[in-house]
């Protein structure tokens, strides 16, 4: 019985880790290491700590108010105008954003399997999509949770074993924790933070906590789960930066994607690291291909007030629509080299707005004693939460400005 209880104390945090370690994160981390060595590791440390703090806030929201973030956005605002603004921002950012990024997740996973098997990615695109549809169609949170924990474990083994093989300089890694901004590095700092502190994870985690735990007595489990899973996710991301730095920093190599890093490890360190990186890249793409549609369905269901949970037609329709949209875009990109840039830019701009809005609203609800009861915010939590919100709002604004100055 004790073993069963121990196992049950983990899960929602691993969904968050599985979600933010996608192909975009692998690409950003690979480019950061190749261009700036270990210098930008501090950005991942900040992003990891920020993610833990924000996700703890969503976990407390679910335990204290018995609402996930989507439901809270629909029910707690008093005016119809405020409710409408929150609904539009949430649905546009989360649902359309997840659909835009789903193609990258599917392609990333397929490229990883192509590295491992030499079978063309066009076959893996369909297989990954079908796997995602099959798992989500079961309508069982525990199945999704267990599969994503497995994928995070697979990423850990793949990327951390690769790190050991390349034998990095650990003293230089420690120096990278100290903040520094080399020339022309700001865009990658924003990318590293932006691919880790993801708006849809606020909705995903609060819904997962509500699914798994029902009482404020489980707050310790929520914190323990997050601390382990998000820290592990941060270490995985840092290991990719370090691997890329050892392989390419100062050697004039220009990387544009994470998959290039895996392919170019082979002539430097042999075929085994290349195999490991391909396996890890598949796990990164597959995990995000599951969590993106799952998060979109949870957010839409909460904001629009759909009943029936996982088995409602609306819930199923959203996650299926996200996967199908990702599949179509993935095939168009693979067949005709089409880049859905306008959709992705729209998603990034919407995300830049929705992260601070959702965070501010989160802080507002956490200060409502009537809703939160014993889990209402104290002064220290308000100061820390306000500081985090100011920083993510500033970074979101910078990200939006960066998009339009390209």
* Starting from region 369-388, keep only residues that are in contact (Cβ under 8 Å) with a residue 12 or more places away in the chain, then list their pairs with residues that are exposed (fewer than 13 other Cβ atoms within 10 Å of the Cβ) whose Cβ atoms are within a distance under 7 Å, requiring at least 6 positions of separation or different chains. => 376/369
* Asked: Counting only residues that are over 11 Å from residue 400 (Cα atoms) and at pLDDT 60 or above, how many does region 340-368 have?
  -> 15
* **Scope region 147-173; condition more than 17 Å from the chain's Cα centre (by Cα) and either within 30 Å of residue 210 (Cα to Cα) or not in a helix (DSSP H, G or I) (or both); matching residues** => 157, 167, 168, 169
* **Members of region 123-143 that are in a helix (DSSP H, G or I), in contact with a helix residue (DSSP H, G or I) (Cβ under 6 Å, 6 or more places away or on another chain) and modelled with pLDDT under 90** => 141
* Within the set of pairs 6+ apart or on separate chains, which have a first residue in region 172-191 that is over 14 Å from residue 35 (Cβ atoms), a second that is assigned to a loop (DSSP other than H, G, I, E, B) and modelled with pLDDT of 85 or more, and C-beta atoms under 6 Å apart? -> 172/38; 173/38
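Suppose the filter is under 22 Å from residue 20 (Cα atoms) and modelled with pLDDT under 85; does residue 390 pass it? Before the answer, list the steps.
Working: under 22 Å from residue 20 (Cα atoms): yes; modelled with pLDDT under 85: no.
So residue 390 fails the test.
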* Check on residue 58, modelled with pLDDT of 85 or more, surrounded by fewer than 23 Cβ atoms within 10 Å (Cβ to Cβ) and under 24 Å from residue 289 (Cα atoms) -> no
* Asked: If you go through region 282-334 one residue at a time, how many are within 18 Å of residue 137 (Cβ to Cβ) and in a helix (DSSP H, G or I)?
  -> 32
* Asked: Taking interchain pairs and intrachain pairs at least six residues apart, which have beta carbon atoms under 6 angstrom, with the first residue in region 145-168 and over 11 Å from residue 287 (Cβ atoms) and the second at pLDDT below 90 and not in a helix (DSSP H, G or I)?
  -> 145/11
* Somewhere in region 174-194, is a residue within 14 Å of residue 13 (Cβ to Cβ), touching a helix residue (DSSP H, G or I) at 6+ places or on another chain (Cβ under 8 Å), at pLDDT below 90 and not in a helix (DSSP H, G or I)? -> no
* How many of the residues making up region 366-382 are surrounded by 13 or more Cβ atoms within 10 Å (Cβ to Cβ) and under 19 Å from residue 68 (Cβ atoms)? -> 9
* Asked: When you scan region 14-122 for helices (runs of 4 or more DSSP H) that lie fully inside it, which ones turn up with 1 or more residues that are under 18 Å from the mean Cα position of the chain (by Cα) and closer than 23 Å to residue 382 by Cβ?
  -> 41-65, 69-75
* To do: Could you list all residues from region 107-156 that are loosely packed, with under 15 Cβ neighbours inside 10 Å and within 18 Å of residue 240 (Cα to Cα)?
  => 153
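The values are calculated or read from the model by the stated rules, or taken from the named source; none is laboratory data. Since the structure is predicted, the reported quantities are computational estimates derived from the model, not experimental observations. Backbone-built Cβ (ideal geometry, glycine too); neighbour counts: all protein chains shown.
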